[in-house]
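Undergrad: Got a structure for you, questions after.
The values are calculated or read from the model by the stated rules, or taken from the named source; none is laboratory data. The structure displayed is predicted, hence computed values, not measured ones. Here Cβ is always computed from backbone atoms with ideal geometry, including for glycine, and neighbour counts include all displayed protein chains. The protein model used for the area step is the full one, side chains on, heavy atoms only, and it has no ligands, DNA or RNA in it. Shrake-Rupley method; radii C 1.70, N 1.55, O 1.52, S 1.80 Å.
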Amino acid sequence: MSDDSFFREVSDELRQDKVKAVWTKFGMWIFAAVVLAVAITAGVVGWDRYRTAQANASGDSYLAALDLARDGKRDEAVVALEGIAADGYGAYPDLARMSIGGVLHEQDKPDEAVAAFDGVANDSGVPQPIRDMAAVRAAYILVDSGTLDDVRSRVERLTGDSEALRFPAREAIALAAWKARDRETARLLFQQLLNDAGAPNGIVGRARMMLEVIAASDPMAAAAAPGEPADTGAPSGEAADTAPAQSATDSGVTDSRTSQPASSDAPEPASAAAPVDETNSQAAPPSMPSQAVSEPAPAAGAN
């Protein structure tokens, strides 16, 4: 036997002895770890399949509930949606709660619908985007059934430039302001929506229409409309009385010295009448007032 063969056999025996020693010491632990890993993997896969199956079942139930609502069976739809909200899987419980608010609104129950949406919006366990959407839905309902403060309390926080739902939030507040006769707030918000290039087309169209309505209802705009009489600073009755008086003066009063119609450059009749009346009150007798108009007043010292 050569030296190489001898050393090789010794090395193999030493290696086997080390493996046997490790297995003897840690074999049970290694086996338990392998079994545990396999069990965990199997459990995770089984749980995922179970949840997927339950979510699919919840999805089917959710669609069936929506079909009931579309068919006019709203009470049955609400019951089915409440069951999904209590026992559903995945995102379907939150969606069911949102749909309950929508069905209640269709049933003309605004207070109950707002309460349903508020319940979602105030639930910290619901994802934030769904909570924000619930707040917007409640605000739109309160445009008709609530006050401007009610609408602001729901969506004022969503009107910032960085908020994804800023456009419907601003529209809801603008509509509530218009209903509350706050024209300036409504006009500013609708104009802001109209000027924002990122606003959806539907909201832009409604904003443009509301701006036209606000402009048409503006008292100042109505006063300046074509065909309206201009504001001269005097009542209309005074203007009507002044015109005949001036026309009569221009057509009937003649210059007593020239027997010609009075020139258009002559002073106003009111200012010229005072000295003439004062002079004639001394020269003409009371029984002949016509002489004060047709004959010139005698000069001072003529007697």
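Undergrad: Quick one: is Ala174 among the small types (Gly, Ala, Ser), part of a helix (DSSP H, G or I) and within 21 Å of Phe190 (Cα to Cα)?
TA: Working: among the small types (Gly, Ala, Ser): yes; part of a helix (DSSP H, G or I): yes; within 21 Å of Phe190 (Cα to Cα): yes.
It is true that Ala174 is among the small types (Gly, Ala, Ser), part of a helix (DSSP H, G or I) and within 21 Å of Phe190 (Cα to Cα).
Undergrad: A follow-up question, please. With open to solvent by less than 20 Å² (accessible area, probe 1.4 Å), free of Cβ contacts under 8 Å to residues at least 40 places away in the same chain, part of a helix (DSSP H, G or I) and farther than 26 Å from Asp94 by Cα as the only criterion, which of Leu142, Leu193, Leu211 stands out?
TA: Leu193
Undergrad: Go through (1) outside any helix (DSSP H, G or I); (2) open to solvent by 80 Å² or more (accessible area, probe 1.4 Å); (3) on the phi < 0 side of the Ramachandran plot one by one and return the number of the condition Glu76 breaks.
TA: Condition not satisfied by Glu76: (1).
Yes/no per residue for (1) in contact with a His (Cβ under 6 Å, 6 or more places away or on another chain); (2) closer than 26 Å to Arg51 by Cα; (3) among the β-branched types (Val, Ile, Thr):
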position	(1), (2), (3)
Gly88	no, yes, no
Ala96	no, yes, no
Glu112	no, no, no
Val136	no, no, yes
Leu142	no, no, no
Thr159	no, no, yes
Ala164	no, no, no
Ala169	no, no, no
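Undergrad: Of the conditions (1) in a helix (DSSP H, G or I); (2) over 22 Å from Leu142 (Cα atoms); (3) open to solvent by 30 Å² or more (accessible area, probe 1.4 Å), Tyr89 fails just one. Which one is it?
TA: (1)
Undergrad: Within segment 116-124, identify whether any single residue is under 22 Å from Arg74 (Cβ atoms), open to solvent by less than 60 Å² (accessible area, probe 1.4 Å) and not hydrophobic (A, V, I, L, M, F, W, C), and answer yes or no.
TA: Yes.
Undergrad: Can you find, within segment 164-190, the residue that is most open to solvent (accessible area, probe 1.4 Å) among those that are over 10 Å from the mean Cα position of the chain (by Cα) and under 13 Å from Ala139 (Cβ atoms)?
TA: Lys179
Undergrad: Hey, among Ala42, Ala55, Ala37, Ala32, which residue is under 38 Å from the mean Cα position of the chain (by Cα) and either at pLDDT 90 or above or open to solvent by less than 100 Å² (accessible area, probe 1.4 Å) (or both)? Working first, answer last.
TA: Numbers: Ala42 fails: under 38 Å from the mean Cα position of the chain (by Cα); Ala37 fails: under 38 Å from the mean Cα position of the chain (by Cα); Ala32 fails: under 38 Å from the mean Cα position of the chain (by Cα).
The conditions single out Ala55.
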